[in-house]
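The values are calculated or read from the model by the stated rules, or taken from the named source; none is laboratory data. Keep in mind that this is a model prediction, so the values were computed, not measured. Positions of Cβ are generated from backbone atoms using ideal geometry, with glycine treated the same way; all protein chains shown enter the neighbour counts. Protein only, heavy atoms only, side chains kept; ligands, DNA and RNA dropped before computing areas. Shrake-Rupley method; radii C 1.70, N 1.55, O 1.52, S 1.80 Å.
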Amino acid sequence: IKIKIVDIPVPITIGPAFEGETIRKKDAHVEFGGGRSTSFELVRMCEADEVEDGKIEVIGPEIDEMPEGSVFPLGIMIDVYGRKMQEDFEGVLERRIHYFVNYGEGLWHVAQRNMMWVRIGKNAKELGFKIKDIGEILIAKFKSDYPAIIDRVQVTLVTDKDIIEEKIKLAMAKYSARDARLKGLTDEAVETWYTCTLCQSFAPNHVCIVTPEHVGLCGAVSWLDAKASNEITPTGPNQPVLKGECIDPVKGQWQNLNDFFYTGSNRTIEKVNFYTMMEDPMTSCGCFEAIMAILPLCNGVMVTTREHTGDTPCGMTFSGLAGTCGGGVQTPGFMGLGRRYLCSAKFIPADGGLGRVVWMPKELKEFLGQDLIDAAVAAGLGADFVDKIADETVGTDEEAILPFLEEKQHPALAMDPMM
Ligand code: SF4
Ligand code: ZN
């Protein structure tokens with residue numbers, strides 16, 4: 001049986017107006033994920049008999065059992081059945097969780113997959129908001145926004161610290177399977193790239209161009225996702241762009257993409273180079289997983305992540321950098337990026353590629369793990385290249401890391417000057 005939802009039965013107001021709302025730590029009743037606890041979100045395509053439409057289950061403590069200021073794990077599992085549903089759509093629907101949760105007044109959501117980070121404000125708690133209500137919002141929004149592909153949907157919210165460690169394995173397996181489907185696809189192999197303008201609600205002039213080798217800078221929209229999203233909603237935020245005439249193959253500039261950018265950015269951006277961060281680079285919105293910045297003294301670039309709150313060699317923390325280069329403007333020398341873009345063969349190739357990276361937090365090295373080593377080998381930098389990249393244990397200013405880079409004979413030191 002299909003349930004028709006007319007109103008969302010939750011005690012808080014829901015609407016796009018609250019999308020940009022931030023909830024500071026001191027205003028949060030409870031927070032989940034963001035490196036502080038295990039978290040994940042997962043949309044799975046299921047068989048009809050596996051999904052009980054409208055069902056919401058909370059496995060673990062409800063909000064009343066969570067003391068003010070506490071941190072709990074959170075797994076959001078959304079099971080979907082639909083006759084027209086496809087496995088390729090899972091990632092697209094999963095990205096919508098970010099927007100739908102942020103529609104709630106007193107709710108805050110950033111990042112995605114097993115990086116996601118959620119806060120529930122004291123104001124929402126006082127109004128009687130429950131963990132279960134996250135499910136109410138998601139079910140209502142998924143059913144109203146995607147009636148063509150979703151017939152049934154159920155939500156499981158896991159807040160138990162033991163059970164989540166089991167459930168996250170399902171999610172990790174799904175994420176790797178999705179990433180594996182992209183491997184082998186190159187920017188040249190396809191004529192059509194996709195745009196993403198989902199973030200224009202935050203950054204009105206921002207456009208992401210998503211290519212097989214360049215994931216959206218939120219890390220959550222791959223070329224396959226953008227393609228699937230366009231199939232679901234042909235007039236939606238992901239539009240195909242035929243690259244057309246190439247203006248600069250090295251810096252990566254195409255006429256059709258420039259034209260799209262000009263219109264898509266409300267006529268604020270005239271040209272974009274996809275393969276360099278130094279001249280007319282892609283714009284950055286606000287939800288990038290990581291930011292890179294030029295380090296002139298080291299003749300290289302550094303990358304820092306949302307998870308790394310500490311200082312970095314460019315003199316700014318992640319949030320300082322985010323304030324400098326976010327908001328949908330082009331900032332040469334700075335660029336937001338999805339973590340996995342570092343392992344791409346098209347990682348700033350015009351600037352020297354991966355060999356330019358001289359600093360990143362330990363956490364990012366560990367997160368990318370073998371994939372980063374494989375990328376270094378593929379780029380001809382050798383398997384020990386990752387050990388030549390400095391991190392916060394080496395230092396957090398340029399003067400401190402330079403001797404380390406010299407000792408390790410980091411390849412960036414022998415490259416052409418960046419500026
Ligand atoms: Fe789309 Fe880019 Fe925003 Fe990701 S960061 S949702 S790819 S516009
Ligand atoms: Zn964004």
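List of remarks:
- Residues considered: ASP384, ASP397. Of these, the only one that is more than 26 Å from the chain's Cα centre (by Cα), open to solvent by 50 Å² or more (accessible area, probe 1.4 Å) and in contact (Cβ under 8 Å) with a residue 40 or more places away in the chain is ASP397.
- Residues within the stretch 187-205 that are over 18 Å from THR283 (Cα atoms) and open to solvent by less than 50 Å² (accessible area, probe 1.4 Å), tallied: 3
- For ALA220, the conditions (1) open to solvent by 10 Å² or more (accessible area, probe 1.4 Å); (2) small (Gly, Ala, Ser); (3) farther than 24 Å from LYS183 by Cα are fulfilled apart from (3).
- With respect to the conditions (1) aliphatic (A, V, I, L, M); (2) in contact with a Pro (Cβ under 6 Å, 6 or more places away or on another chain); (3) over 22 Å from GLU21 (Cα atoms), LEU127 lacks only one, and its number is (3).
- Enumeration of residues in the stretch 172-202 that are within 12 Å of ligand 2 (Cβ to nearest atom) and either outside any loop (DSSP other than H, G, I, E, B) or over 15 Å from the mean Cα position of the chain (by Cα) (or both): CYS196, LEU198, CYS199, GLN200, SER201
- Hits in the stretch 218-259 - residues which are among the charged types (D, E, K, R), part of a helix (DSSP H, G or I) and more than 16 Å from PHE89 (Cα to Cα): ASP259
- The residue that is surrounded by the fewest Cβ atoms within 10 Å (Cβ to Cβ), counting only those in the stretch 206-217 that are part of a loop (DSSP other than H, G, I, E, B) and within 12 Å of ligand 2 (Cβ to nearest atom), is VAL207.
Yes/no matrix, rows are residues, columns are (1) more than 16 Å from ligand 1 (Cβ to nearest atom); (2) under 27 Å from ASP397 (Cβ atoms):
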residue: ASN299; (1), (2): yes, yes
residue: SER319; (1), (2): yes, yes
residue: GLY328; (1), (2): no, no
residue: GLY338; (1), (2): no, yes
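- Taking the criterion of being open to solvent by 10 Å² or more (accessible area, probe 1.4 Å) and within 16 Å of ligand 2 (Cβ to nearest atom), the residues of the stretch 230-245 that qualify are GLY236, PRO237.
- So ILE209, is it among the aliphatic types (A, V, I, L, M), more than 13 Å from ligand 1 (Cβ to nearest atom) and under 30 Å from PHE142 (Cα atoms): no
Per-residue answers, yes or no, for (1) touching a Ser or Thr at 6+ places or on another chain (Cβ under 6 Å); (2) within 16 Å of ligand 2 (Cβ to nearest atom); (3) closer than 15 Å to THR331 by Cβ:
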site	(1), (2), (3)
GLN253	no, no, no
LEU257	no, no, no
ARG267	no, no, no
GLU270	no, no, no
GLU279	no, no, yes
THR283	no, yes, yes
GLY286	no, yes, yes
ILE294	no, no, yes
CYS298	no, no, no
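- The residues in the stretch 143-153 that are surrounded by fewer than 23 Cβ atoms within 10 Å (Cβ to Cβ) and within 15 Å of GLU94 (Cβ to Cβ) can be counted, and the count is 3.
- Cross-chain or 6+ apart pairs with Cβ under 6 Å, the stretch 365-377 first and surrounded by 13 or more Cβ atoms within 10 Å (Cβ to Cβ) and acidic (Asp, Glu), then modelled with pLDDT of 95 or more and part of a helix (DSSP H, G or I): ASP371/CYS343
- Cβ pairs under 8 Å, 6+ apart, first in the stretch 279-290 and within 19 Å of GLY20 (Cβ to Cβ) and more than 9 Å from ligand 1 (Cβ to nearest atom), second open to solvent by 20 Å² or more (accessible area, probe 1.4 Å) and in a strand (DSSP E or B): THR283/VAL329
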